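Novice: If you scroll down you'll find the structure; I have some questions about it.
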Amino acid sequence: MRAFVEGALATLQGVKLWGATRASDMQVFSFGEKTWRSNRRDQKIAVGEFALHLQCPWRLSCLGRILIGSDDWYRDREENPTKVLLKLIEDMPRVIAIAADDLGGFRLEFDQQLRLEVFPAHSERGEYSEHWRLLRGKSDDFVVTGGGIEEPAEGPLRQS
């Protein structure tokens, strides 16, 4: 699994992280070229060339210190976690290294000494067992679930 995950994430090498939003319990990170599209309410929204959707634990750290993580949305905090996260990435760090593990987890190293670590942490398999997905455009998804990898049928994220 490690090689497939690293292969899919290699498309992020050298790409800037510029956005972070939430949809219920899912964290969304936006990378690459920013484009505008209309949402279902016909409002213009910025979207990235790539989107990383996380539905498993993650953390953003720097020099051995956790700056923010997925559990921060469920704790009492003085500051809104989304605002904290946006402040941490406001200088648009660039992905400089990628490493994956054998269980679908991975680490993205950024310039500015930031590190994003993603670690699937449940054993559920089935329709609702998604840990994370990488999207490019509307149809190219690379998905890691409790049952393994679901690859796109075609496109730049497809593994050969």
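Values in this text are rule-based calculations from the coordinates and carry no lab data. Keep in mind that this is a model prediction, so the values were computed, not measured. Don't worry about glycine lacking a Cβ; one is built from the backbone with ideal geometry, like all the others, and counts go over all protein chains shown.
Novice: Could you give the length gained by full extension between D91 and V28, i.e. 0.36 nm per residue of separation minus their alpha carbon distance, to one decimal place?
Specialist: Values: separation 63, 0.36 × 63 = 22.68 nm, distance 1.76 nm.
Result for the pair: 20.9 nm of gain on full extension.
Novice: On to the next question. Per residue, how much space in cubic angstrom lies within the convex hull of the C-alpha atoms of the chain?
Specialist: Working: hull volume 20.8 nm³, N = 160.
Spelled out: Cα convex hull of the chain, divided by residues, is 130 Å³.
Novice: Can you give me the long-range amide H partners of Q27? Hydrogens built in the peptide plane at 1.01 Å from N, cutoff under 5 Å, separation of 5 or more residues or another chain.
Specialist: Amide H neighbours of Q27, under 5 Å, 5+ apart: L54.
Novice: Only residues of segment 70-113 count here: report those whose backbone N is under 14 Å from the spot 7 Å along Cα→Cβ of E6, or say none.
Specialist: 97-109
Novice: Go through segment 47-153 and name the GluC sites (Glu not before Pro) that are in a DSSP coil and have 16 or fewer other Cβ atoms within 10 Å of their Cβ.
Specialist: Numbers: sites: E49, E78, E79, E90, E109, E117, E124, E127, E130, E150; in loops: E78, E79, E90, E124, E127.
Counting only loop positions with at most 16 other Cβ atoms within 10 Å, the GluC sites (Glu not before Pro) in segment 47-153 are E78, E79, E90, E124, E127.
Novice: Another one. For the chain, modelled as a Gaussian network with Cα springs under 10 Å, which listed residue fluctuates most, R136, R65, R94?
Specialist: R65
Novice: Explain nothing, just the number: relative contact order of the chain, from Cα pairs under 8 Å at least 6 residues apart, as a whole percent. Display every interim value, and only then the final one.
Specialist: Numbers: 319 pairs, mean separation 38.5, N = 160.
RCO, the chain: 24 percent.
Novice: Where does each of S24, S129 land when they are ranked from fewest to most other beta-carbon atoms within 10 angstrom? Numbers along the way, then the final one.
Specialist: Working: S24 5, S129 16.
The most exposed by this proxy come first: S24, S129.
Novice: Now for a different question. How large is ³J(HN,Hα), in whole Hz, for each residue of segment 27-37 in order, when computed from phi with the Karplus curve 6.51 cos²θ - 1.76 cosθ + 1.60 and θ = phi - 60°, using x for Gly and Pro?
Specialist: Per residue, the Karplus-derived 3J(HN,Hα) values read 8, 10, 10, 10, 10, x, 4, 8, 10, 10, 8 Hz.
Novice: Shifting gears a bit: Just rank C56, C62, fewest to most, by other beta-carbon atoms within 10 angstrom.
Specialist: On the way: C56 19, C62 13.
Result, fewest neighbours first: C62, C56.
Novice: Which of Q113, Q43, Q55 moves most in a GNM of the chain, Cα contacts under 10 Å?
Specialist: Ranking Q113, Q43, Q55 by mean-square fluctuation puts Q43 first.
Novice: From the phi angles alone, apply the Karplus equation (6.51, -1.76, 1.60; θ = phi - 60°) to segment 86-94 and give each ³J(HN,Hα) in whole Hz, x where the residue is Gly or Pro.
Specialist: With coefficients 6.51, -1.76 and 1.60, one gets 4, 5, 5, 10, 4, 8, 6, x, 9 Hz.
Novice: Using θ = phi - 60° and the Karplus curve 6.51 cos²θ - 1.76 cosθ + 1.60, what whole-Hz ³J(HN,Hα) does each residue of segment 48-56 get, with Gly and Pro shown as x?
Specialist: After applying 6.51 cos²θ - 1.76 cosθ + 1.60, I find x, 4, 10, 10, 10, 9, 10, 10, 9 Hz.
Novice: Put +1 on the Cβ of each Lys and Arg and -1 on the Cβ of each Asp and Glu in segment 16-160; which of P57, L108, A20 then has its Cα farthest toward the positive end of the dipole?
Specialist: A20
Novice: For S129, list long-range residues whose amide hydrogen, built 1.01 Å from N in the peptide plane, is under 5 Å from its own amide hydrogen.
Specialist: Amide H neighbours of S129, under 5 Å, 5+ apart: G146.
Novice: With r as the distance between the Cβ atoms of L63 and V84 and R0 = 25 Å, compute the FRET efficiency 1/(1 + (r/R0)^6) and round to 0.05. If you can, show how the numbers build up before the last one.
Specialist: Values: r = 17 Å, r/R0 = 0.68.
E between V84 and L63, to the nearest 0.05, is 0.90.
Novice: Using helices alone, I'd like the mean residue ellipticity at 222 nm for the chain: each DSSP H run of four-plus residues gives -39500 (n - 2.57), total over residue count, nearest 500. Walk me through the numbers on the way to the answer.
Specialist: On the way: 2 runs with 16 residues, N = 160.
That calculation yields -2500 deg cm²/dmol at 222 nm.
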